Structures are given as C-alpha cells and as structure tokens.
Amino acid sequence: MKKQILSLAVVSTLSLGSLLSPLSMETANATSISEMQKQQNELKNKRSGINAEINQKDDKIGELQGEQQKIGDQIKKLDFAVSDTEKKISAKNAEIDQTNKEIEQLKAEIAVLEQRIEKRNELLKNKARSFQENGGTVNYMDVLLGAQSFSDFVDRVNAVTTIVQADKDILEQHRKDKEELELKRNQVETKLNNLQQMKKELESLKVSLNAQIQEKNKLMKTLKHEEEQMHGEKLELEETAELLAAQEAAMAQAIQLEKKRQAEIAAERARQAELERQRQAAAAAAAAAAAKKSGNGSSSSAPAPAPAPAPSAAPSDAGGMLQMPANGRLTSGIGQRWGTFHAGIDIANSGANVPIVAAADGVVIRSYYSSSYGNAIFVAHSINGQTYTTVYAHMSDRSVSSGQVVSRGQRIGTMGNTGQSYGQHLHFELHKGSWNASKSNAINPMPYF
C-alpha cells in the first residue's frame with residue numbers, strides 16, 4: 001500500500017491527508033484538480049498563441065524570400081547591364097585604338113601636306129621676289145612686245161597664259177591643301193573626343209551599376225540575415241510549443257492520476273467508515289449483552305473493546321519541500337547575469353558520473369536535447385495544491401523519458417557540459433506554475449531545499 005501511495009503522490013497534496021476533515025479534504029481535492037485543469041487550459045491557450053506566432057514567422061519568412069527573389073532578379077539584370085556596358089567599353093576602346101591609328105596615318109599625310117605647302121610657299125616666295133625685282137607683271141608685256149613675228153607673238157601669249165594659269169593652279173592647290181589639312185585635323189580630333197566622351201560615359205555607367213550591385217548585395221545579405229534570424233526565432237517558438245504541448249499532456253496525466261488517487265482515497269474512506277460502523281455495532285451488541293448479564297445478577301463484567309488505532313501521518317521531509325538535485329558547489333544564482341536574466345542556479349562538480357536526481361515526485365514533461373539547454377529534462381509537480389515545474393539542463397545523459405512518472409530522489413541523468421555551457425555543471429530551474437519562454441514564472445529554488 002505504501003508503494004502504491006508513493007507512485008500516486010506525483011500530483012497529490014501529501015501534506016493534507018489525515019489533517020483535514022472528510023469535507024475539507026474533498027474541497028481541497030476538488031480545488032487541486034480545478035487548479036490543474038485551469039493551468040492545462042492556460043497551457044493550451046499559450047500553445048495556440050505560439051502556433052499563431054509560428055505562422056506569422058512563416059509568413060515573414062515567405063515575404064523575406066520573396067524580397068530576396070526580387071533583389072536577385074534585380075542583381076541579375078544589373079549584372080547583364082554591366083556585362084553589356086563592358087562590351088560597349090571594349091568596342092569603344094577598339095574604335096579609339098583604330099582612331100589613334102588613323103591619327104598616326106593622318107599625321108604622316110599631314111607631314112606630306114605640310115612639306116608640299118612648305119615647298120609651294122618657297123616657290124611663291126621666289127616668284128614674288130622675282131616679280132619685285134623685275135617689275136612684276138610688266139615683264140609679261142616685254143615678253144609679248146619682243147615678238148619677232150605674229151607666230152612668235154602667239155607662242156609668247158600662250159607661254160605667258162600657261163605660266164599665269166600654273167601660278168593660279170599652284171595657289172588654288174595650296175588653298176585646298178590647307179583646307180584639307182584643317183578639315184582632317186578637325187574630323188579626327190572630333191571623332192577622338194567623341195569616342196573618349198562615350199567611353200567616359202560608359203565607364204561612369206559601369207561604376208554606377210557596380211555601386212547598385214553592391215547596394216543590392218548588401219540588401220540581400222541583410223535579408224538573408226533576417227531570414228536566418230527568423231528561422232532561429234521560429235525554431236525557438238517550435239521548441240516552446242513542443243514544451244507547452246508536453247506540459248499540457250503531463251498535466252492531463254497528472255489530472256488522471258489525481259482523480260484516481262481521490263477515488264482510491266474515497267474508497268478507503270468508505271471502507272474505514274464501514275469498519276467503524278461494524279466496530280460500533282459490535283460494541284453496541286457487546287454492551288447490550290453485558291447489560292443483560294448484569295441484570296441477571298452477574299457481578300462479572302467484560303471490558304469494552306479498544307477502538308482501532310488511527311492511521312499515522314506520513315513523516316515530513318526534514319530536507320524541505322524539494323531535494324537538492326545534485327552534489328556540488330553553487331557557482332551562480334538566479335538573477336541578472338552578463339546582461340541577461342539567469343533563470344536558475346548552477347551547481348558545479350568536476351567529479352565523474354555525478355548523479356542528477358528528481359527534486360520531487362512528478363511527471364516528466366519532456367526529455368530531449370536542446371541547442372541551448374543541451375540534454376535537458378522538464379518535470380511537472382503538484383505540491384501542497386500548487387503546481388511547479390523543474391528544469392535540469394546541460395546533462396551528459398538522460399535516464400528518463402517524456403511522460404514517465406518519477407519519484408523524489410530518483411536518478412534521472414548525469415551532470416555534464418552539453419548545449420550552451422562552460423564547464424561541467426547542472427543548471428536547475430524552479431518555476432511556480434508552468435514553464436514559458438520568457439521564464440516569467442521562475443523563482444529562487446534555494447529556500448525550498
């Protein structure tokens with residue numbers, strides 16, 4: 001019977017027992033179940049809210065992925081634009097090289113023209129000097145008037161005409177060569193300037209496109225970081241949802257165990273009442289028999305039967321409401337640490353195979369590996385009508401599974417250094433009520449040991 005009561009004490013209020021009247025005991029039991037059902041509903045509501053948050057995270061992740069797709073398409077277009085610009089720059093460089101070759105060729109042509117012009121200039125200077133020395137055009141008249149015959153005159157006229165025309169041709173060609181020289185210079189310089197300007201514009205465009213690509217890449221990096229962060233937050237929410245679901249299941253199991261315990265208590269109470277009724281009936285019958293015998297003059301009387309001894313109360317645990325979950329030295333307490341809230345205490349021990357035990361009777365909510373807690377176990381307890389949750393983290397191994405009923409002092413794992421941990425120790429948390437992600441129910445466990 002003792003073993004059966006111990007196994008049923010997972011969610012019971014052990015301190016009540018025989019100290020309360022049957023009526024007050026029924027009231028306390030009903031209150032205990034009502035409280036657990038209330039917390040079960042709260043867990044269900046919290047889990048529903050977290051599932052809604054998970055859906056919101058999924059939507060946000062979808063939006064971020066959509067934005068990344070848009071940015072990716074824009075980067076792709078910019079890459080194509082840069083590639084096209086580079087091709088155009090390459091083409092302009094080729095044209096500039098060709099123009100520079102034309103310029104070199106033109107320089108040779110210009111040199112020829114300049115030599116030709118220089119020679120004509122020299123010839124024209126000589127002619128001008130000759131005209132000045134000989135009286136200019138008057139010499140042509142002397143040539144004509146010095147003819148010996150008409151035929152000689154005609155020959156002389158033709159000769160003078162030819163000389164004059166040659167001079168005109170020289171002057172005209174001289175003018176054309178100068179104009180051609182100037183035209184070619186202007187054309188080549190204009191073409192080169194245009195090409196260089198177009199190249200400069202293309203290079204400026206390339207710089208602008210590359211700057212846009214850098215901005216897009218920076219934005220893409222930010223979006224990817226946000227998505228990674230969102231995935232991390234979603235995983236944390238999923239882990240929390242799983243824990244809440246496990247707590248809900250453990251609470252449902254605890255409610256069933258409590259109902260079973262109360263039914264057994266009621267049956268035991270009925271059995272004791274029946275035994276008391278039978279004892280009282282037997283006592284009454286014995287008293288009646290003794291009275292009858294006394295009335296017949298008998299001087300002897302039989303002693304009344306002694307009342308049955310009342311069941312003794314279970315001894316209280318001198319160690320406190322909770323048992324220390326591990327041996328070692330306290331290295332950190334609950335409170336602010338390194339800029340964040342440390343929701344429990346740390347117990348360190350460098351020994352080998354250091355056992356971790358359950359701090360009280362309870363139901364294992366979840367036994368699993370967490371990226372932050374490492375090997376962790378969550379246990380639900382009902383003590384003196386109040387529900388509690390204990391957390392055991394960073395263990396090297398776990399020896400109990402989710403949904404399992406554990407008793408106070410039972411070994412549930414071994415101290416370790418798993419998860420986000422620095423050195424072998426146990427991180428222990430006590431929550432008044434259920435565990436939640438914000439750890440708002442965390443309390444200092446030290447006064448309860």
Roughly how many whole Å is it from the C-alpha centroid of segment 230-278 to that of segment 35-106?
51 Å
Which order results if 251, 36 are arranged by neighbouring Cβ count within 10 Å, fewest first?
36, 251
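Given 0.36 nm per residue, what is the gain on full extension from residue 399 to residue 58 after removing their alpha carbon distance, in nm? Working shown, then result.
Working: separation 341, 0.36 × 341 = 122.76 nm, distance 3.52 nm.
Separation in residues times 0.36 nm, less the Cα-Cα distance, equals 119.2 nm.
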Taking other Cβ within 10 Å of each residue's Cβ, how do 428, 378, 449 sort, fewest first?
449, 428, 378
Can you give the convex hull volume per residue for the Cα atoms of segment 208-286, as a whole number of Å³?
46 Å³
Viscosity 1.567 mPa s, temperature 4 °C: give me the Stokes-Einstein translational D for segment 324-449 in µm²/s, with Rh taken as the Kirkwood radius over C-alpha pairs.
91 µm²/s
Least to most buried among 408, 366, 329, 261 (fewest other Cβ within 10 Å first):
329, 408, 261, 366
Need the full-extension length gain, residue 279 to residue 432, defined as separation in residues times 0.36 nm minus the C-alpha distance. One decimal, nm.
50.5 nm
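Throughout, read-outs are computed from the coordinates displayed, never taken from laboratory work. Computed from a predicted structure; not experimentally measured. Reconstructed Cβ throughout: ideal geometry from the backbone, glycine too, with neighbour counts over all protein chains shown.
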